[in-house]
Every structure is written in structure tokens, then in C-alpha cells.
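Single-structure report; data block below.
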Amino acid sequence: MSEIRTPKLCSGIYRIINEASQSTVRVHQHGRPMQLSYGFELLGIFEQWELVEQDKGEFIIRCMGLTRGQVGLDEGTMLINGGNPIPFSVEAVGEGLYAVKASGGESDYWGVSQTPTRETPEVSLNLVAPPSMGEFEATQLWRFERLDDDV
């Protein structure tokens, strides 16, 4: 079996997909958490994310559906904070998957406590502990599907 290539990401527009649930990261308004949803409806620009590379190779991440839709943090929950962004590093872990880490911390990776289900249809993205024994959980792994062709 051949290994899936995991390219270094660059600035562009992406759909971000959680490996455990196969659902996309989405948001609907400022001040609300970024979420995964049990439903697979297409939300257009509310599930499209612009990555803007910064000087140190980190990224500012912005929802295309909201003016000033930069991603920030409030008490460990990822949300759209209206223009007060924090940078993230996007680390390739192989097999086309990435881990997303908040700048300046050792245990600040994107993750979800559980995958969305019929009983819990929406799950917020949080910062979670680093992988134990060097292995990320599927709830901490992300696929970045490029949507623009400005490569």
C-alpha cells in the first residue's frame, strides 16, 4: 500500500474535515464556537476557511462567510472572535492528515471531545492535550481540502 502524500500547506482557501467524524468545520456567526455537525449539508462559505501564512510559518485562519471571521480562543474553545486572531501551526502527520496547534503552547491542539451523533448533533472545537505516546486520536486529526486553484 502506498503512503498518502501530506504536502506542506500554503495560503489559500480550504475545507477542514475531521478524520474521526468526516464532517467539516463550520461556524454561523461571530462569538460562536467552531463546530462539527452530525448533518452533512453543504454550508458554502460558512465551511470554507482561508489560511493566511504568517512570518514564522504559522497561519491566521478566517471563515470566508463572516466579515472579520478570524479564529480566536475563549476559555479553550475555538471561536470566531471578530478581529482578534491567534496564529496556528498546521503540522503534517502523514497519510494526508494534519494536527492544528495554537501558537505558544505545548498542549494546545485542535480537537473534539466526541464525534457528533444523532443525540449530540453539534460538537464544539476545543484545545486538547497533546497526543499520548506520540499518537494523535482521530478526533485531533484534520484533512485540508484545497478549494481554490491559486497554488
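The mean sequence separation of alpha-carbon pairs under 8 Å and at least six residues apart, normalised by the residue count of the stretch 1-70, gives a relative contact order of 28 percent. Taking the 1.4 Å solvent-accessible surface of the chain as the whole, the part contributed by carbon and sulfur is 48%. Here the convex hull built on the C-alpha positions of the stretch 35-93 has a volume of 115 cubic angstrom per residue. Averaging Cα coordinates gives a centre for the stretch 130-151 and one for the stretch 1-46; these two points are 9 Å apart.
Across the chain, the mean sequence separation of Cα contacts (distance under 8 Å, 6 or more residues apart), normalised by length, yields a relative contact order of 28 percent. Which net charge results for the neighbourhood of residue 57, defined as the other residues with beta-carbon distances under 11 angstrom from its beta-carbon, given Lys and Arg at +1 and Asp and Glu at -1? Every neighbour counted, the sum reads -2. The region of the chain that goes longest without hitting one of the GluC sites (Glu not before Pro) in a DSSP loop, each with at most 16 other Cβ atoms within 10 Å, is 4-40. A 1.4 Å probe run over the chain, with the rest of the protein chains in place, finds 53 Å² accessible per residue. Could you check which residue among 66, 141, 97 shows the biggest mean-square fluctuation in a GNM of the chain with a 10 Å Cα cutoff? Residue with maximal mean-square fluctuation among 66, 141, 97: 66. Between 74, 108, 55, the residue with the greatest mean-square fluctuation in the GNM of the chain (Cα pairs under 10 Å linked by springs) is 55.
The values are calculated or read from the model by the stated rules, or taken from the named source; none is laboratory data. Keep in mind that what you see is a predicted model, and the values were worked out from it rather than measured. Here Cβ is always computed from backbone atoms with ideal geometry, including for glycine, and neighbour counts include all displayed protein chains. Heads up: the accessible areas ignore ligands, DNA and RNA and are worked out on the full protein's heavy atoms, side chains in. Shrake-Rupley method; radii C 1.70, N 1.55, O 1.52, S 1.80 Å.
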